[in-house]
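The values are calculated or read from the model by the stated rules, or taken from the named source; none is laboratory data. This structure is a prediction, so every number in the text was calculated from the model and none was measured. Every residue, glycine among them, receives a Cβ derived from its backbone with ideal geometry; neighbour counts consider all protein chains shown.
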């Protein structure tokens with residue numbers, strides 16, 4: 001086994017975020033449930049866009065945000081996701097490449113429009129996401145080169161990939177390629193609605209030993225176990241995977257690997273602006289720690305530092321030098 | 001003369017801003033002069049974009065920002081500018097219309113790409129702009145309907161329109177239509193390089209009585225008069241126009257109309273992030289005051305409030321409810 005070229009190869013939906021302020025009344029008038037991610041078609045995307053306020057366009061996508069965060073932590077990261085050959089696709093590719101992330105799958109002209117997520121941020125900093133997948137759902141198993149996967153110490157996959165059939169097949173191929181090369185597979189449950197849609201499929205992945213590091217927030221862990229007692233859900237879930245990482249918002253985070261458990265508090269922040277990307281950046285910090293062979297506790301601390309940065313501004317990607325914020329932890 | 005339907009009709013280059021952080025070293029390596037706006041072609045835009053960091057895309061354009069600010073002040077505003085029938089053009093139209101601004105000229109498919117400005121923001125919050133005009137320079141005098149111009153109490157024009165020939169003709173037509181209808185013409189000198197390029201043309205407009213309200217910052221006033229003593233330049237320039245408004249950064253602003261002069265300090269701010277749009281929003285606040293028949297001094301105060309809001313975040317358009325910030329001044 002050769003030394004990996006990349007620390008982490010992230011695979012996910014390549015999405016440009018369109019972030020607008022909204023109040024609770026607007027969410028109600030649109031029949032939206034605060035904090036959720038829903039999938040919408042192009043027609044609904046056009047309708048909702050016309051109804052919402054002026055936007056800020058920033059590259060996003062869960063696994064893409066994690067790859068961006070890893071690069072900002074000084075790690076070598078790659079990203080696989082499908083964009084269209086259009087202006088938003090060019091923006092997506094530029095933004096991730098300008099951070100030093102390997103952008104592996106080229107834009108295509110025959111896949112419709114680049115994915116976009118209409119993200120409504122309420123004054124309480126919660127985000128409500130309305131995602132038109134467009135070109136992203138055309139990611140295909142032919143886009144997964146086993147040699148590319150083998151070149152990364154960890155392949156990181158978002159649960160959202162399970163929604164459309166072609167990306168699901170790409171995800172399965174990436175897992176097989178990673179394990180065939182002796183690499184690790186990290187997976188995020190993405191959101192509770194995603195868990196509700198795909199609980200059986202996610203359990204099959206876990207029970208088959210296909211996931212080495214599982215990321216969840218408290219609600220997702222509870223949803224996977226269909227267990228209202230969060231501590232109990234975490235305990236149960238931790239027995240099913242080699243490493244479980246649970247984010248707990250302002251209560252910090254927990255990681256469990258076999259008999260070892262670590263807990264950290266959340267990092268203090270000055271002002272909460274937009275929680276979009278908090279989980280993605282937590283995963284980036286944690287994986288940066290793992291890539292540098294840090295302890296469970298220090299990896300959690302790195303996750304907390306990265307998440308704290310991203311929730312203090314609009315957008316799901318870091319604006320500050322995360323390596324500098326990490327200080328001694330990554331030195 | 002019927003009562004005007006719009007308080008202000010703004011005419012300018014319709015530009016999507018691509019805002020990235022940069023350090024002084026990057027500006028030097030690219031041969032850029034901090035704080036300036038330069039016009040670039042598509043090839044240079046592609047080259048610089050490839051070299052710069054990840055961007056935030058937000059609608060911009062000087063007069064467009066002013067129209068957005070006027071709407072956020074509760075005024076009735078219209079905007080004339082040319083976008084292409086592409087994704088950035090759709091973003092531009094959405095953003096300005098979602099604020100309630102009348103977007104008057106439709107997107108066109110035969111004008112290349114929508115204009116974009118690559119804006120590099122340094123840690124001192126100064127912005128350095130690199131603008132590819134694209135579709136914006138296809139704005140034409142046929143896009144100016146005299147009846148639309150006559151429907152606004154004030155037509156507001158940016159000096160940048162003087163750069164390409166077709167928008168210059170549109171500007172001249174708009175001035176003629178406004179004055180034929182007994183309306184006022186407001187004009188901004190835009191930037192010192194714009195003044196250097198077009199000093200003679202701007203003087204012709206002023207000497208011919210075509211400008212009723214002239215906006216400038218200190219450097220632009222000095223450049224117009226080719227006079228290093230700023231106070232002296234302001235005094236001289238004020239004798240040439242019915243109303244002169246000069247912004248002075250952290251020193252506040254001055255307005256002179258005939259024998260009347262008003263000065264206000266800058267509004268206090270918590271943190272300076274990005275000065276893009278400061279002048280545009282100052283103009284919005286000032287014109288909102290004029291539209292509501294406020295005094296020179298109160299109009300300046302409204303300008304200072306709007307400018308203070310926009311420099312505390314990335315992007316050149318207000319994020320907060322300016323009418324609420326204005327409080328009693330607009331009540």
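For residue A:6, the conditions (1) within 14 Å of chain B (Cβ to nearest Cβ); (2) under 26 Å from residue A:186 (Cβ atoms) are fulfilled apart from (1). Considering the conditions (1) within 13 Å of another protein chain (Cβ to nearest Cβ); (2) within 25 Å of residue B:94 (Cβ to Cβ), residue B:53 is excluded by exactly one of them, (2).
Considering the conditions (1) in contact with a helix residue (DSSP H, G or I) (Cβ under 6 Å, 6 or more places away or on another chain); (2) away from every other protein chain (no Cβ under 14 Å), residue A:40 is excluded by exactly one of them, (1).
Scanning region B:94-121 for residues being assigned to a loop (DSSP other than H, G, I, E, B) and within 14 Å of another protein chain (Cβ to nearest Cβ) gives a total of 7.
Given region B:3-89, what helices (runs of 4 or more DSSP H) lie entirely inside it while holding 1 or more residues that are crowded, with 24+ Cβ neighbours inside 10 Å?
Values: elements: B:24-29, B:42-51, B:62-72.
It comes to B:62-72.
Determine whether residue B:45 is touching a helix residue (DSSP H, G or I) at 6+ places or on another chain (Cβ under 6 Å) and at pLDDT 95 or above. If you could, list the steps in order and put the result at the bottom.
Working: touching a helix residue (DSSP H, G or I) at 6+ places or on another chain (Cβ under 6 Å): no; at pLDDT 95 or above: yes.
No: the conditions fail for residue B:45.
For residues that are without any contact (Cβ under 8 Å) to a residue 60 or more places away in the chain and assigned to a helix (DSSP H, G or I), tally how many sit in region A:160-177. Quick ask: steps written out before the conclusion?
The first filter runs over region A:160-177 and keeps only residues without any contact (Cβ under 8 Å) to a residue 60 or more places away in the chain, leaving A:162, A:164-166, A:168-169, A:172-173, A:175-177.
Still in the running and assigned to a helix (DSSP H, G or I): A:162, A:165-166, A:168-169, A:172-173, A:175-177.
Count: 10.
Being surrounded by fewer than 21 Cβ atoms within 10 Å (Cβ to Cβ), touching a helix residue (DSSP H, G or I) at 6+ places or on another chain (Cβ under 7 Å) and modelled with pLDDT of 95 or more is a property that residue A:116 lacks.
Would you confirm whether any residue within region A:146-153 is over 30 Å from residue B:95 (Cα atoms) and part of a loop (DSSP other than H, G, I, E, B)?
Kept after step one, since they are over 30 Å from residue B:95 (Cα atoms), are these residues of region A:146-153: A:146-153.
Still in the list and also part of a loop (DSSP other than H, G, I, E, B): A:151.
Yes, region A:146-153 contains at least one residue that is over 30 Å from residue B:95 (Cα atoms) and part of a loop (DSSP other than H, G, I, E, B).
Of the residues screened, residue B:90 is one that is within 12 Å of chain A (Cβ to nearest Cβ), out of contact with any strand residue (DSSP E or B) (no Cβ under 9 Å at 6 or more places or on another chain) and within 19 Å of residue A:17 (Cβ to Cβ).
Just one of the listed residues (A:35, A:60) is within 14 Å of chain B (Cβ to nearest Cβ) and touching a residue at least 40 places away in the same chain (Cβ under 8 Å), namely A:60.
So residue A:311 passes all but one of these: (1) more than 14 Å from chain B (Cβ to nearest Cβ); (2) over 16 Å from residue A:75 (Cβ atoms); (3) in contact with a strand residue (DSSP E or B) (Cβ under 8 Å, 6 or more places away or on another chain). Which condition number does it fail? Tallying (1) more than 14 Å from chain B (Cβ to nearest Cβ); (2) over 16 Å from residue A:75 (Cβ atoms); (3) in contact with a strand residue (DSSP E or B) (Cβ under 8 Å, 6 or more places away or on another chain), residue A:311 fails exactly one: (3).
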